[in-house]
Amino acid sequence: MADATLGGRFTFPGTSQTVHRIGYGAMQLAGPGVWGPPKDPDGAIAVLREAVAAGVNHIDTSDYYGPHTTNQIIREALHPYPSGLVIVTKIGGRRPPDKSWQPAISPDDLTAAVHDNLRNLGLDALDIVNYRVMGSGLGTAEGSIAEQVTVLADLRQKGLIRHIGVSNATAAQIAEAQRITEIVCVQNHYNLAHRQDDALIDDLARQGIAYVPFFPLGGFTPLQSSSLSDIAVRLGATPMQVALAWLLHRSPNILLIPGTSSIAHLRENLAAGQLTLSPQISAELNGIAATTIAAQHR
C-alpha cells in the first residue's frame with residue numbers, strides 16, 4: 001500500500017526507525033483469553049504475512065502474550081525479518097498458570113523478560129521495549145517507575161535494547177522516565193470514547209514522541225455508539241474503520257496497532273487509512289466522547 005493509505009509515516013524520535021502509522025497488534029494471535037496457541041496456527045501466520053505484504057512495518061507484541069505464543073508465531077511467520085520492520089515489545093507482566101495478569105517488575109524479572117523476547121523473536125537486540133505499568137484492570141498505577149526504567153536503560157547500554165518506551169503510564173511517570181533515558185513512545189488506553197489522555201497526547205506531539213493507543217476499538221468492550229454507526233453508514237465504512245480514522249486525524253504522533261486473527265478484518269482495519277473525515281464529521285465524532293462522559297455521570 002502507498003504511504004497515504006496507511007496513514008502516512010512517523011519516525012520515532014532520536015532514531016532512524018520510520019514506520020507507517022497503521023501497524024498491527026499481535027495480542028489476538030494467541031488462543032482465547034490471550035492464553036496458549038491459536039486454534040488456527042496457519043491462519044495466524046497468514047495474517048502476519050498479509051500485514052507485512054500490505055506495507056505494515058510496525059508490529060506490537062509481548063512475550064507474556066500466550067505466554068511466548070505470539071512471539072514464536074511472529075518468528076515463524078516473518079524471520080528472517082524484512083528490512084525496516086520495527087517490532088515493539090513490552091515487559092513488566094507475567095502470566096502464571098491460573099491465566100491471570102500479574103506484575104513482574106523486579107530487576108531480575110525485567111532482565112529475564114528481555115531475554116525471553118530476544119530468544120522467542122530470534123533477535124540479538126529489541127527495537128523498542130515498553131515498560132508496562134501494571135495497574136488493576138485497565139487502570140494505571142501511581143508511584144515511581146524509576147527502578148524499572150533504569151533497568152531498561154542499563155540493558156540498552158549493554159546493546160540488548162535499542163530504544164525505550166512506557167505503557168499504561170501517567171504523565172508524572174512519563175516525566176520521571178524521561179529524566180532517566182529518552183522515551184520514544186507512550187502506549188496508553190485511548191479511543192474515541194476514552195479520552196483522558198487528550199492533554200498528554202498534545203504534549204507528546206510537541207516533543208515528537210509517538211502515542212500508541214491500546215484498545216483503539218474499545219478492547220474487551222467494543223465501541224458502541226449510534227452516532228458512530230450513523231457516520232459510518234454515511235461514509236460507506238464500518239464503525240471500527242471510522243474510529244481508527246478518527247485516531248489518525250486526532251494527532252500526527254498517534255500510531256495505530258489494531259489486532260485481529262482474521263485476514264478479512266485486517267484488510268478492513270488497514271483500509272481505515274483511506275478514509276477522509278470532513279470538519280463536520282470530525283466534530284460529530286468528537287461529540288461522542290462528551291456524550292459518553294455525560295452518560296457515565298448520570
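A Cβ distance below 7 Å, combined with a sequence gap of six or more or placement on separate chains, defines the contacts here; from the stretch 105-117, residues that are farther than 14 Å from THR89 by Cα reach residues that are assigned to a helix (DSSP H, G or I) in the pairs ILE105/GLN148; PRO107/VAL151.
PRO38: within 16 Å of SER261 (Cβ to Cβ) and in contact (Cβ under 8 Å) with a residue 40 or more places away in the chain, yes or no? When the stated conditions are applied, PRO38 passes them.
Selection of the stretch 135-154 for residues being of a type in the set (A, V, I, L, M), surrounded by fewer than 18 Cβ atoms within 10 Å (Cβ to Cβ) and either in a loop (DSSP other than H, G, I, E, B) or at pLDDT below 95 (or both) yields LEU138, ALA141.
Across the stretch 118-134, the qualifying residues are those that are free of Cβ contacts under 8 Å to residues at least 60 places away in the same chain and of a type in the set (Val, Ile, Thr), and the one among them that is surrounded by the fewest Cβ atoms within 10 Å (Cβ to Cβ) is VAL133. For the criterion of being over 13 Å from ILE257 (Cβ atoms) and either buried (at least 16 other Cβ atoms within 10 Å of the Cβ) or modelled with pLDDT of 95 or more (or both), ALA26 fails. Listed by first and then second residue, the pairs linking a residue in the stretch 10-21 that is over 11 Å from LEU255 (Cα atoms) to a residue that is of a type in the set (Val, Ile, Thr), with Cβ atoms under 7 Å apart and 6 or more places separating them unless they lie on different chains, are PRO13/VAL184; PRO13/ILE209; GLY14/VAL184; THR15/VAL184; GLN17/THR11; GLN17/VAL86; THR18/THR11. Restricting to the stretch 90-113, and then to whatever is aliphatic (A, V, I, L, M) and under 19 Å from MET27 (Cβ atoms), can you tell me which residue is surrounded by the most Cβ atoms within 10 Å (Cβ to Cβ)? Per the stated criteria, the residue is ILE91. Filtered by the rule that a residue be at pLDDT 95 or above and charged (D, E, K, R), the stretch 162-199 gives ARG162, GLU176, ARG179, GLU182, ASP197, ASP198. Hey, can you tell me all the residues within the stretch 7-21 that are over 15 Å from the mean Cα position of the chain (by Cα) and either surrounded by fewer than 17 Cβ atoms within 10 Å (Cβ to Cβ) or within 18 Å of SER83 (Cβ to Cβ) (or both)? Within the stretch 7-21, GLY8, ARG9, THR11, GLY14, THR15, SER16, GLN17, THR18 qualify. Quick one: would you say THR181 is of a type in the set (Val, Ile, Thr), without any contact (Cβ under 8 Å) to a residue 60 or more places away in the chain, surrounded by fewer than 23 Cβ atoms within 10 Å (Cβ to Cβ) and within 23 Å of ASN253 (Cβ to Cβ)? Spelling it out, THR181 is indeed of a type in the set (Val, Ile, Thr), without any contact (Cβ under 8 Å) to a residue 60 or more places away in the chain, surrounded by fewer than 23 Cβ atoms within 10 Å (Cβ to Cβ) and within 23 Å of ASN253 (Cβ to Cβ). Among residues of the stretch 255-268 that are more than 14 Å from ASP40 (Cβ to Cβ), those with a beta-carbon under 7 Å from a residue that is part of a strand (DSSP E or B) and among the hydroxyl-bearing types (Ser, Thr, Tyr) at least six positions away or on a different chain give the pairs ILE257/TYR24; GLY259/TYR24. Scanning the stretch 159-166 finds one or more residues that are in contact (Cβ under 8 Å) with a residue 40 or more places away in the chain, under 20 Å from ASP63 (Cα atoms) and touching a helix residue (DSSP H, G or I) at 6+ places or on another chain (Cβ under 6 Å).
Matching residues to (1) modelled with pLDDT of 90 or more; (2) closer than 25 Å to TYR24 by Cβ; (3) surrounded by 14 or more Cβ atoms within 10 Å (Cβ to Cβ); (4) over 23 Å from the mean Cα position of the chain (by Cα):
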{"residue": "ILE201", "(1), (2), (3), (4)": "yes, yes, yes, no"}
{"residue": "ARG206", "(1), (2), (3), (4)": "yes, no, no, no"}
{"residue": "ILE209", "(1), (2), (3), (4)": "yes, yes, yes, no"}
{"residue": "VAL212", "(1), (2), (3), (4)": "yes, yes, yes, no"}
{"residue": "PRO216", "(1), (2), (3), (4)": "no, yes, yes, no"}
{"residue": "PRO222", "(1), (2), (3), (4)": "no, yes, no, no"}
{"residue": "SER226", "(1), (2), (3), (4)": "no, no, no, yes"}
{"residue": "VAL233", "(1), (2), (3), (4)": "yes, no, no, yes"}
{"residue": "THR238", "(1), (2), (3), (4)": "yes, yes, yes, no"}
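The values are calculated or read from the model by the stated rules, or taken from the named source; none is laboratory data. Here the structure is a predicted model, which means the values were calculated and not measured. Backbone-built Cβ (ideal geometry, glycine too); neighbour counts: all protein chains shown.
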